[in-house]
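The values are calculated or read from the model by the stated rules, or taken from the named source; none is laboratory data. Remember, predicted model here, so these are calculated numbers, not experimental data. We place every Cβ from the backbone using ideal geometry, glycine too, and count neighbours over all the protein chains shown.
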Amino acid sequence: MRNERCITIEDCEIGPGRPAYLIAEAGVNHDGDLDRALELIDRAAEAGADAVKFQTYRLDELILPGIAKAPYQQRTDTRQESQDEMLQRLAIDEAFHRKLIRRCGERNITFLSTPYGSRSLELLLELGVPAIKIASTDTTNRLFLEQVGACGLPVILSTGMSTAAEILAAAHTLRMAGCRELVLLKCTSSYPTPPEQVNLRAMATLEALTGELCGFSDHTEGVGASPAAAALGAVLIEKHFTLDKSLPGPDHKASLDTDELCEWVRQIRRIERQLGDALLQPSSAEAETRPSLQKCLVVLMDLPAGAILDRDNLRALRTGGRGIGAFHGPELLGRSLVRALPAGTPLEWSDLGRDEPA
């Protein structure tokens, strides 16, 4: 099965049985300000995210002039402007990108960005990004997906707003174009996403449908659904964050602040520790507790040598770990003693004769 394979981003293996790869989504929350963008990188690194992600686009590859802002954008930013006017304010050029990449290198965090067209993709490839993240808006853009698949890099594809057939076609398009490493993200393109519309169970459906590795793009409020997604096996999780939720802009209000980003990472990592290794055996803490709490077999009354053990003279009690474990109780019924034992004595195997139970 394909989903048993890992993908690799900058020597970090992503896949089943490994910690979820955590992407702190800066997006356009820099508001076109380089210093703010650099600080977003610093805060993502300090929080312990694996990568910080931005957005790379040219307006002529993204939107027609005069298109109205999306409803959530109108609610979060009341400036009277079209969607393309808003996006123009938030666009970053090549020099801006290079400064971000340099800071990511200094802070030991991976730089990622989402391209929204062919020239944006070409720029990211020239800049040497280690993977390509595709937004839900391009899940159905099969001509663009062919170009992305042919680039030879790992691909992370969000699947918001898409039907099962469209998602299956997108994965097939990427694979046929040459993509060898792919993660699909369960995503609800609503900002913020109401809890009843998250549908985390669909991650399993997505994996069964496509055979691909699956993760989660989280648009719920606060730390939200991400820890639950980790518990359900998401191999990669991304979430928006900002320096200040009160700033005007399309994504600030639905983002984590920097304290919440730290808590987001902490809660996911705590859940992963709680998931364990799936082996059914006493934990190291239980191995220490086991002698004190598990029961062993004790004779209830003074018994002479040759006495036969039965349900009336044998009982399982806590003995501090001394004696034969209660698990062996059925095996001892009908066995004889080789020596006299006073009441309250934990039984040892050496106390028993070699006779078989009657």
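Can you go through Pro154, Pro250 and tell me which one is modelled with pLDDT under 95 and crowded, with 16+ Cβ neighbours inside 10 Å?
It is Pro250.
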Does the range 314-325 contain any residue that is exposed (fewer than 14 other Cβ atoms within 10 Å of the Cβ) and closer than 30 Å to Gly17 by Cα? no
Could you give every pair whose Cβ atoms fall below 7 Å, whose first residue belongs to the range 334-354 and is on the phi < 0 side of the Ramachandran plot and at pLDDT below 95, and whose second residue is surrounded by 13 or more Cβ atoms within 10 Å (Cβ to Cβ) and part of a loop (DSSP other than H, G, I, E, B), counting only separations of at least 6 or pairs across chains? Gly353/Arg335; Gly353/Val338
Of those in the range 49-60 that are in contact with a Gly (Cβ under 7 Å, 6 or more places away or on another chain) and outside any strand (DSSP E or B), the residue nearest to Leu236 (Cα to Cα) is Tyr57
Name the one entry in Ala51, Ala95, Ala37 that is free of Cβ contacts under 8 Å to residues at least 40 places away in the same chain and either in contact with a helix residue (DSSP H, G or I) (Cβ under 6 Å, 6 or more places away or on another chain) or among the hydrophobic types (A, V, I, L, M, F, W, C) (or both). Ala95
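Taking the conditions exactly as written (of a type outside the set (Gly, Ala, Ser), modelled with pLDDT under 95, in the same structural domain as Thr163 (by TED's automatic domain parsing) and on the phi < 0 side of the Ramachandran plot), does Lys239 satisfy them or not? So that I can check it myself, show each step before the final result.
Working: of a type outside the set (Gly, Ala, Ser): yes; modelled with pLDDT under 95: no; in the same structural domain as Thr163 (by TED's automatic domain parsing): yes; on the phi < 0 side of the Ramachandran plot: yes.
No; evaluated as a whole, the condition is false for this residue.
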Considering only residues that are β-branched (Val, Ile, Thr) and not in a strand (DSSP E or B), which ones fall in the range 139-171? Thr139, Thr140, Val148, Thr159, Thr163, Ile167
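Can you give me the number of residues within the range 264-277 that are surrounded by fewer than 15 Cβ atoms within 10 Å (Cβ to Cβ) and either in contact with a strand residue (DSSP E or B) (Cβ under 8 Å, 6 or more places away or on another chain) or part of a helix (DSSP H, G or I) (or both)?
The initial filter retains those residues of the range 264-277 that are surrounded by fewer than 15 Cβ atoms within 10 Å (Cβ to Cβ), namely 266, 270, 273-277.
Imposing the further condition that a residue be either in contact with a strand residue (DSSP E or B) (Cβ under 8 Å, 6 or more places away or on another chain) or part of a helix (DSSP H, G or I) (or both) reduces the set to 266, 270, 273-275.
Selection size over the range 264-277: 5.
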Among what's in the range 5-48 and is hydrophobic (A, V, I, L, M, F, W, C) and part of a loop (DSSP other than H, G, I, E, B), pick the residue that is surrounded by the fewest Cβ atoms within 10 Å (Cβ to Cβ). Cys6
Consider Gly233 carefully, then state whether it is surrounded by fewer than 16 Cβ atoms within 10 Å (Cβ to Cβ) and not in a strand (DSSP E or B). no
Give the range 169-217 a look and list any residue that's free of Cβ contacts under 8 Å to residues at least 24 places away in the same chain and either crowded, with 21+ Cβ neighbours inside 10 Å or of a type in the set (A, V, I, L, M, F, W, C) (or both), or say none. Ala202, Ala208
